[in-house]
Amino acid sequence: MLVTVWAGRRATIVIGDPQVACDLLDHRSAIYSSRPRFVIMGELFTNNDALLTMPHGDKWRKTRKIFHSGLLTKACNSYKPIQVAESQRLVMDLVRSPENFGKHLERYAASLMVCVAYGQRVDNLEDPLIKRIYERMAYMATLNVPGAFWAESFPVLKLIPDCLAPWKREVKRRAEESTQLLSELAFDVRDRMETGDAPACFTKTLWEKREENPEALSEREIAYATGSLFGAGSDTSSSTLTSFILAMTCFPRVAAKAQEELDRVVGHDRSPTWCDAPNLPYCSAIIKETLRWRPVAVMGGTPHASIIDDHYNGHFIPKGTTILGNLWAIHHNEKYFKDSHDFIPERYLSPCEDGTLPYPHRDGHSAFGWGRRICPGQKLAENSLFITITRILWGFNISKARDQITGKEIVPDIFAYTDGFNSKPQPFQCRIEPRCPRVLEVIEQESLLGEQFLEKYKSR
Ligand code: HEM
């Protein structure tokens, strides 16, 4: 399924079929890995220094390399102790105030991203550092609203002198503020490196690279590379975890089956770790099914764009065409996923046994995008999902909340999601209770260890 939408003389193709998306965006990714022109967000606000909106070219290649070196499996392994400690804090938070599960998941993901990026953690969402970062993100979100800026449709307006264009002055002012924030954060890590007080983190790796070869990486490149991590990795991870809680609330047989597996492999005297992964195929299938069932980037994230003319199945696709992989349609294509709105991890254990077609990507879904633009944080995100999802399943029973007056079960709506390019469940209620006294005891003991470990990442 491939639909073309014309906006003036600019074509946008929306893909709803997994095979077409993989044919174009994976197999022909040399052609389809650019981004469309983003006049406000890309050119005026970030000077095209943010990876997400950077067009194809040498600068993008160099920035991708920076991301890969800081997020490769080896680098990701060095972040595992932080993920363990933050997951210990997360499950303790769920014991203390289970009704605030959404906030706890958000704090977990935010803290992890600032730890990975800058080597300092966030104890609560009111932390001044996190508030400044959120404020920057909220402003950036306003820049991407379709129709908000005429210059997006008529780029020539970008050339109007600043004195005649208050909107342009405001974007530039906010851009300066943003650069100042990102530089402050990056230089703070460098200061701490000098006093021997900077734990391993992405920014530290980049400063070390610059020390080896100052030509390789400018100060601005360091600030913008690390600045992209939070925006790209925080909401995406917490929204996926919230969808997982929604699925467990609405499909209780799945959690029960996972708990049988966890009891057999892990027992009650310790919580799961990544070493258990090969013996937890059902839990791993739950993670894949969560990413498929409710992909965060419903329209595939930031659109791709083609850099040369191409032909596909009799269609002519001109250079500069915008391509959207409609992940919602792709992940709910019934030829590949039968009863696609049911949460069925078994589809990943015995693929195609239900008569469906084999998914054209080895992951069995495309939640992290495609080709040369595929999410560089995938490994880090998968590690996070594994450690948090297995620990929640191991530690808690999740069930439907009950109406306090009638006593009737409250059934959340599995379609009630927020609007926008990134989507997460609307607030819903559920019950989250420790499975047994022994598990509760282990959670309490481990959370003390986690707190000790996180001391060195304390927010300053
Ligand atoms: C469950 C969590 C996550 C999901 C579902 C997700 C999904 C995505 C998707 C769909 C894209 C667009 C890919 C494309 O254009 O084809 C993307 C891009 C990106 N993601 Fe993630 N992501 C997640 C976590 C992360 C994390 C933890 C990081 C950082 C450590 C990260 C960093 C990025 C960056 C920098 C890009 C832009 C890549 C580029 O334009 O070349 N993401 N992600």
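Restricting to region 305-318, and then to whatever is within 16 Å of the ligand (Cβ to nearest atom) and part of a loop (DSSP other than H, G, I, E, B), can you tell me which residue is surrounded by the most Cβ atoms within 10 Å (Cβ to Cβ)? Here the answer is SER306. When the residues of region 207-241 are filtered to those that are crowded, with 24+ Cβ neighbours inside 10 Å and β-branched (Val, Ile, Thr), the one that is nearest to the chain's Cα centre (by Cα) is THR240.
For SER69, the criteria (1) buried (at least 23 other Cβ atoms within 10 Å of the Cβ); (2) more than 21 Å from ARG431 (Cβ to Cβ) hold in every case but one, which is (1). All of VAL20, VAL91, VAL14 fail the test of being out of contact with any Gly (no Cβ under 7 Å at 6 or more places or on another chain), crowded, with 16+ Cβ neighbours inside 10 Å and assigned to a helix (DSSP H, G or I), apart from VAL20. Scan region 258-299 residue by residue and report those that are β-branched (Val, Ile, Thr) and not in a loop (DSSP other than H, G, I, E, B). Of everything in region 258-299, those that are β-branched (Val, Ile, Thr) and not in a loop (DSSP other than H, G, I, E, B) turn out to be VAL265, ILE286, ILE287, THR290. THR321 falls short on exactly one of the conditions (1) within 16 Å of the ligand (Cβ to nearest atom); (2) over 23 Å from ASP235 (Cβ atoms); (3) β-branched (Val, Ile, Thr); (4) in contact with a helix residue (DSSP H, G or I) (Cβ under 8 Å, 6 or more places away or on another chain), and that condition is (4). I'd like to check something: does region 193-202 contain any residue that is within 16 Å of the ligand (Cβ to nearest atom), modelled with pLDDT under 95 and assigned to a helix (DSSP H, G or I)? Yes - at least one qualifying residue is present in region 193-202. Of everything in region 394-427 that is more than 16 Å from the ligand (Cβ to nearest atom), within 21 Å of the chain's Cα centre (by Cα) and not polar (S, T, N, Q), the residue that is nearest to ASN144 (Cα to Cα) is ASP419. Evaluated against (1) assigned to a helix (DSSP H, G or I); (2) in contact (Cβ under 8 Å) with a residue 40 or more places away in the chain; (3) more than 9 Å from the ligand (Cβ to nearest atom), GLY70 falls short on exactly one condition, (3). Tell me, yes or no, whether region 428-443 has at least one residue that is more than 19 Å from LEU241 (Cα to Cα) and basic (Lys, Arg). Yes - at least one qualifying residue is present in region 428-443. Scanning region 124-152 for residues that are exposed (fewer than 14 other Cβ atoms within 10 Å of the Cβ), among the charged types (D, E, K, R) and either modelled with pLDDT under 90 or more than 18 Å from SER228 (Cα to Cα) (or both) yields a count of 1. Residues in region 370-384 that are without any contact (Cβ under 8 Å) to a residue 24 or more places away in the chain and near the ligand (Cβ under 6 Å from one of its atoms): ILE374 alone.
The values are calculated or read from the model by the stated rules, or taken from the named source; none is laboratory data. As the structure is a prediction and not an experimental result, all values here were calculated from the model. Ideal geometry is used to build each Cβ from the backbone, glycine not excepted, and the neighbour counts take in all protein chains shown.
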